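As structure tokens, the structure follows; a few thoughts come after it.
Here, each number is a calculation from the coordinates, and none is a lab measurement. This one's a predicted model, so the numbers in the text were calculated from it and none came from an experiment. Every residue, glycine among them, receives a Cβ derived from its backbone with ideal geometry; neighbour counts consider all protein chains shown.
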């Protein structure tokens with residue numbers, strides 16, 4: 001079928017690129033760094049969105065929408081934010097094109113904006129400028145708002161889903177009367193992300209806090225979830241920031257407290273993006289293609305018929321109608337692949353490549369025996385079972401697969417997490433094994449920088465509820481009270 | 001409560017602006033022409049999105065995502081399209097800002113794009129450029145794709161929801177093997193829009209086709225739904241275009257037919273936008289505020305308690321818990337407004353302003369009598385009813401309200417549709433009555449233009465299945481075989 005892909009051991013990066021392409025997930029567009037998310041890829045993203053959106057609403061948040069453009073001057077207002085975000089971004093300078101008279105379309109120089117507009121790389125500035133008008137008293141707080149949107153960061157080296165100039169994401173922006181409430185919100189949203197990653201994506205994550213160096217530009221504290229990919233590299237899958245009063249001060253957002261005092265508002269922001277698609281692909285898939293956890297699979301069960309005669313075809317159709325109706329009752333998403341333009345073998349490979357968790361095959365012998373062949377994608381096993389009680393069996397199987405994919409990834413993560421006590425060992429593990437390396441660090445920016453320069457590994461996070469234990473920094477030998485997690489990262 | 005608004009008769013336009021503001025639907029942002037859609041307004045839009053999205057999927061469409069940016073040169077490829085869309089739009093010319101050394105953020109002139117990028121005003125060009133890679137044979141057709149996205153058109157005079165520089169919309173883009181199939185698709189999607197407008201928005205519409213003048217830039221035929229607002233002006237609520245082979249030719253998209261011939265692909269596109277929010281507001285609301293059809297109301301029932309003692313308060317809470325649980329069972333969206341910071345009268349006015357279809361009030365006397373006061377927003381009536389069977393009664397009431405709002409709008413539309421047979425009568429009706437005017441027209445661009453210049457009325461559409469009847473053009477006296485619908489429009 002010409003859809004075979006490079007194996008992971010052969011070239012992991014090439015494997016990823018081919019998988020994204022051949023499973024019809026996404027492709028590069030005519031615009032540098034911007035991707036097209038194809039219908040099958042987008043259907044997975046929609047399932048992610050729906051699950052996350054429900055979790056946000058269950059925790060009291062509402063959606064809203066803020067402008068795509070941000071006036072250039074807004075970025076100068078929060079000092080550290082401008083360094084992080086207002087550099088590599090798309091700048092709108094004009095608002096009109098015109099025909100130059102020879103049929104060429106050119107920019108109309110007379111339609112120049114007084115102040116350039118930045119295509120949002122993130123929306124803290126425009127949102128906090130808006131919140132100033134929404135907040136007067138403690139009665140207006142908290143504001144618990146989320147936005148689903150596209151953002152643009154002018155990345156020089158891009159990879160589909162993992163790093164693109166334009167990407168889709170959600171960004172929560174909340175406003176609170178107290179520091180404690182804002183911190184609790186940031187922590188709650190980290191929990192939401194971790195729960196989503198583990199329960200829906202079947203992807204185990206480490207919850208932690210970023211070091212000062214890796215913190216979001218403008219944040220007091222950045223919480224994150226970190227996942228491990230099959231090549232032993234870490235991927236930051238979501239972040240939640242406690243922003244202190246930084247943006248409230250930059251945009252002059254104050255409220256009158258219960259006690260009648262005028263105070264600056266406390267803030268959080270938190271986001272996950274289409275990058276999660278990259279994480280999902282890399283966490284579970286194999287050399288035959290995608291492996292999707294059933295809870296995020298647009299098609300959970302595909303049925304492939306095998307027949308020689310028209311009579312057999314019709315008999316199979318009747319059985320499938322029955323199965324599809326029963327599946328619908330249980331909210332199982334089933335597809336009957338009755339294309340007569342492709343052979344069964346082609347279909348098997350295609351649905352395997354696309355990661356459909358369960359495949360049913362019905363042939364002439366099955367009709368006679370009252371059976372169906374059932375194949376599970378994750379373990380690539382199959383068995384022939386009675387058609388009686390099949391939908392119940394599938395329901396159980398889907399839950400099993402969801403759990404099993406998580407367990408496999410969890411086992412991998414644990415095997416690939418190594419405690420080391422010397423810099424030599426650190427380098428040796430990083431070189432030969434990869435994964436998370438748990439080591440003592442003296443807490444300084446200098447040491448962190450040195451390790452990064454010498455090994456390309458960064459501190460992924462200081463795990464939440466980290467065990468306190470005395471030790472010495474693997475580089476400087478200075479005393480340390482806890483281990484942090486290092487890894488090479490996407 | 002300071003939330004009173006200007007009446008419709010006093011100043012319709014001012015009434016609209018105040019309603020959008022005070023019902024917390026949307027507001028102007030710091031960026032010229034771009035709006036902030038506030039949580040309550042966005043919740044209504046989300047209900048619209050969910051209903052439309054399901055209708056699109058039920059008719060076989062999938063969602064996908066294409067880049068925000070379009071290379072400038074793409075607009076030159078389809079001649080009529082460039083005139084319509086590539087003029088007033090946001091142009092990205094640079095990809096970097098920098099600190100100029102004195103702390104000012106300036107555009108980095110060294111980071112100038114080789115080719116300017118246009119922020120999409122609509123996506124036909126980038127999508128058809130993409131489809132070229134997706135289509136080889138008739139087996140790849142049809143492509144039935146929809147995109148939910150933000151688009152930008154640099155409008156000089158903007159009004160919240162009705163005309164903004166950035167707005168949210170969906171745009172369907174389909175590709176077909178035959179002309180007949182593409183036309184059937186364009187007509188099907190017009191039906192979807194009309195059904196949505198009438199069944200969900202409770203807003204009667206006329207289905208029709210645009211004249212050549214009013215057609216979408218690049219379309220062979222534009223279908224539309226037109227609604228009538230309470231001030232007698234028409235509003236185009238959705239369009240569906242048969243694009244012929246125009247974009248396939250412009251972007252060289254061909255397929256091999258079953259017969260082995262290489263042919264250009266046939267296309268449609270269709271869209272509705274946040275403009276529907278403006279239509280929804282103007283179609284039904286009154287001088288007390290929003291009137292929302294229950295099927296699109298984020299809150300369908302609000303409960304306001306009236307108590308003097310803590311004991312009464314607790315007793316009401318118990319009753320409300322019961323009601324809320326029963327409502328949840330029936331998927332009725334209920335809110336208990338138990339704020340102790342506001343008086344009942346304030347709450348009544350607020351929920352009326354926000355258009356909540358049903359309000360329940362529970363007071364001390366109700367507790368004693370086993371009753372509840374139930375008020376319906378649309379007719380501003382109330383009655384006291386037994387709490388027994390209340391949820392069933394509410395369910396029926398919500399359906400009644402949905403129907404009643406539609407009926408009121410339908411009666412209004414019929415009353416405001418006038419057949420005229422002379423230009424004098426035309427002008428008289430337009431001036432004194434407004435609404436749709438059904439008149440004979442000679443079918444020429446010149447006459448259409450003359451009428452527009454002299455009266456500001458445009459041909460809203462040639463209704464679908466229009467009655468064929470002989471007559472004479474009201475302006476030129478030339479023969480005509482059918483009446484068309486004129487109106488002043490938003």
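Bin width 10 Å, alpha-carbon pairs only: give the P(r) of region B:417-487 as whole percents, running from 0 to the bin holding the largest distance.
Here the calculated profile for region B:417-487 is 23, 61, 16.
Over region A:278-395, what is the percentage of antiparallel beta bridges among all DSSP beta bridges, to the nearest 5?
The antiparallel fraction comes to roughly 60 percent.
Measure of size requested: the Rg and Dmax of the protein assembly as shown, with Cα atoms as the atom set and Å as the unit; please supply both.
30.4, 99
Enter the Cα centre distance for the pair region B:98-142 and region A:387-430, rounded to the nearest angstrom.
Cα centroid of region B:98-142 versus Cα centroid of region A:387-430: 40 Å apart.
What percent does the relative contact order of region A:417-487 come to when contacts are Cα pairs within less than 8 Å and at least six residues apart?
Answer for region A:417-487 is 38 percent.
For residue A:30 and residue B:340, what is the calculated FRET efficiency with R₀ set at 60 Å and r taken between the beta-carbons, to the nearest 0.05?
0.55
Find how many whole Å separate the alpha carbon centroid of region B:325-367 from the alpha carbon centroid of region B:165-236.
37
What nm value, rounded to one decimal, do you get for the distance between residue B:433 and residue A:254 when each label is placed 7 Å out toward the C-beta?
6.0
With no solvent and one point per C-alpha, what does the Debye sum give as log10 I(q)/I(0) for chain B at q = 0.10, 0.13 Å⁻¹?
The Debye formula, applied to the Cα set alone, gives -0.88, -1.25.
Averaged across A:427-436, how many Cβ atoms of other chains sit within 10 Å of each residue's Cβ atom?
The per-residue average across the peptide is 0.
Could you pull out which residues in region B:205-224 have an amide N less than 20 Å from a spot 7 Å beyond the Cα of residue B:450, following the Cα-Cβ vector?
B:211-214
Of the peptides B:238-248, B:296-306, how do they stack up when ordered by the mean number of other Cβ atoms within 10 Å, highest first?
B:238-248, B:296-306
In peptide A:36-48, what is the residue-averaged number of other protein chain Cβ atoms found within 10 Å of each Cβ?
4
For q = 0.10, 0.19 Å⁻¹, what log10 I(q)/I(0) does region A:1-152 give under the Debye formula with an equal point scatterer on each alpha carbon and no solvent?
Treating every Cα as an identical point scatterer, log10 I(q)/I(0) equals -0.63, -1.22.
Once the Cα atoms of helix A:344-353 and of chain A are each reduced to a long axis, what angle between those two axes, in degrees from 0 to 90 to the nearest 10, is obtained?
20
So for chain B, averaging the separation of alpha carbon pairs under 8 Å that are six or more residues apart and normalising by length, what relative contact order in percent results?
14
What distance in nm separates the two pseudo spin-label positions at residue B:157 and residue B:10, each 7 Å out from Cα along the beta-carbon direction?
Roughly 2.3 nm, to one decimal.
Can you tell me which of B:102-110, A:157-165 comes out highest on packing, and rank the rest after it, using the mean Cβ neighbours within 10 Å?
The packing order, highest mean first, is A:157-165, B:102-110.
Where Rh denotes the Kirkwood radius from the mean inverse Cα pair distance, what is Rg over Rh for region B:102-235?
With Rg and the Kirkwood Rh in hand, the quotient comes to 1.06.
Compute the convex hull volume of the Cα atoms of region B:325-384, divide it by the residue count, and report the result per residue in Å³ as a whole number.
Measuring per residue, one finds 108 Å³ for the Cα hull of region B:325-384.
Extending each Cα 7 Å along its Cβ direction at residue B:261 and residue B:404, get the distance between those two points in nm, one decimal.
Inter-label distance under the simple model: 6.0 nm.
Give the calculated FRET efficiency between residue B:326 and residue B:467 to the nearest 0.05, with a Förster radius of 51 Å applied to their Cβ-Cβ distance.
0.55
Measure nothing fancy, just the Cα-based angle from helix A:445-455's long axis to the longest principal axis of chain A, in degrees from 0 to 90, nearest 10.
That helix lies at roughly 40 degrees to the long axis.
Can you give the average number of partner chain beta-carbon atoms within 10 Å of each beta-carbon in peptide B:97-107, as a whole number?
4
Treating each Cα of region A:285-339 as an identical point scatterer and ignoring solvent, apply the Debye formula and state log10 I(q)/I(0) at q = 0.13, 0.22 Å⁻¹.
Each listed q maps to, in turn, -0.42, -0.88.
Apply 1/(1 + (r/R0)^6) to the Cβ-Cβ distance of residue B:384 and residue A:139, taking R0 = 35 Å, and write down the FRET efficiency to the nearest 0.05.
It comes out at approximately 0.65.
With contacts defined as alpha carbon pairs under 8 Å and 6 or more residues apart, what's the relative contact order of region A:299-400 in percent?
32
Can you give the angle from 0 to 90° between the axis of helix A:12-22 and the longest principal axis of chain A, with both taken from C-alpha atoms, to the nearest 10?
70
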